[in-house]
Amino acid sequence: MSTFIVIPTYNERENLPTLVERLFALPIDDLQLLIVDDNSPDGTGQLADQMAAEQPQKVFVLHRAGKQGLGTAYLQGFQRALELGADRVVQMDADFSHPPEKIVEFMKEIPNYDLVIGSRYIAGGSLDESWPFYRKLLSGFGNFYARTLLGGHIRDITGGFKMWRREALERMPLDQVKSNGYMFQVEMGYLAEQMHLRIKEVPIYFAERIHGQSKIDFSIQLEAAISVWKLPGRYRGLRKEMRQRAR
Ligand SMILES: Nc1nc2c(ncn2[C@@H]2O[C@H](COP(=O)(O)OP(=O)(O)O)[C@@H](O)[C@H]2O)c(=O)[nH]1
Ligand SMILES: [Mg+2]
């Protein structure tokens, strides 16, 4: 069984080597990495190429011409991982906010689910202790806002640490997914529920990055807040189709 971890990177030179080391130290057979780099000015892409040259069966790199956003990085990464034969696909950030060791727990759950989500908003999950109150509030509110507007059961709808079963990703209408940034996570979660995927949330501690800087700015958050409203309308056809199939 092949497990692929898709890691989008933009200026993650200081994080990538340690992350790769930690991932390959996990007790998971047949683990492969796909790094999706957007021509990072700090040379992350070349660093990834070096790693791929050292372990050509285990590390793959997808280069894109410039910074094109997290959503399309994942969509192209998922497609490539499936082409390369992935049975399971993990999505995670490169900055250690998503604890690599949790993937072992995801592996235990995935035989019984289509999608496993690392969740900050279920019992046992939490945000970095050093975050100021307003930041926790903003994150919690954003998540609550999206969940309330969209309905559904996923507690951490804005989170980006997930494991997908191959068949589930293949069933998802990925060609219709339009959002980038935070909204990408929301759209994928919403779609997973509309497709009636079996979803499991596992608690995680979301740590603040130590090296490098966040690439997500206020405009991306604002875009997310507005476009949540548009999602149900955009997928009206899909929801109808799913209702008809259920009959
Ligand atoms: N390839 C690619 N990666 C990106 C882009 N934007 C962010 N990332 C990566 O996506 C992950 C999450 O981004 P980050 O800035 O940490 O978001 P935050 O944790 O919400 O502040 C990191 O691994 C980033 O390097 C992008 O436009 N292209
Ligand atoms: Mg981050």
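The values are calculated or read from the model by the stated rules, or taken from the named source; none is laboratory data. Computed from a predicted structure; not experimentally measured. Note that we place each Cβ from the backbone using ideal geometry, even for glycine, and neighbour counts take in every protein chain shown.
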The stretch 198-247: number of residues that are among the β-branched types (Val, Ile, Thr), modelled with pLDDT of 95 or more and either assigned to a strand (DSSP E or B) or away from ligand 2 (no atom under 16 Å from the Cβ) (or both):
2
Any residue in the stretch 231-247 that's in contact (Cβ under 8 Å) with a residue 24 or more places away in the chain: show its pairings with residues that are among the basic types (Lys, Arg) and assigned to a helix (DSSP H, G or I) at Cβ separation under 9 Å, as long as the two are six or more apart or on different chains.
PRO232/ARG239
Taking ASP49, is it within 19 Å of ASP87 (Cα to Cα), away from ligand 2 (no atom under 16 Å from the Cβ) and acidic (Asp, Glu)?
no
Return the residues of the stretch 23-46 that are away from ligand 1 (no atom under 13 Å from the Cβ) and more than 18 Å from the chain's Cα centre (by Cα); say none if nothing qualifies.
PHE24, ALA25, LEU26, PRO27, ILE28, ASP29, ASP30, GLY43, GLN46
Picking from PHE4, PHE60, PHE96, which residue would you name as being surrounded by 16 or more Cβ atoms within 10 Å (Cβ to Cβ), within 22 Å of GLU167 (Cα to Cα), aromatic (Phe, Trp, Tyr) and in contact (Cβ under 8 Å) with a residue 60 or more places away in the chain?
PHE4
Which pairs do you get when a residue that is within 16 Å of ligand 2 (Cβ to nearest atom), found in the stretch 174-195, comes within reach of a residue that is at pLDDT 95 or above and aromatic (Phe, Trp, Tyr), reach meaning Cβ atoms under 8 angstrom, with the pair 6+ apart or on two chains?
PHE184/TYR74
For the stretch 41-50, how many residues are in contact with a strand residue (DSSP E or B) (Cβ under 8 Å, 6 or more places away or on another chain) and either surrounded by 20 or more Cβ atoms within 10 Å (Cβ to Cβ) or over 15 Å from ILE7 (Cα atoms) (or both)?
3
Subset of the stretch 93-146 [within 22 Å of TYR190 (Cα to Cα), modelled with pLDDT under 95 and away from ligand 1 (no atom under 16 Å from the Cβ)]
PHE144, TYR145
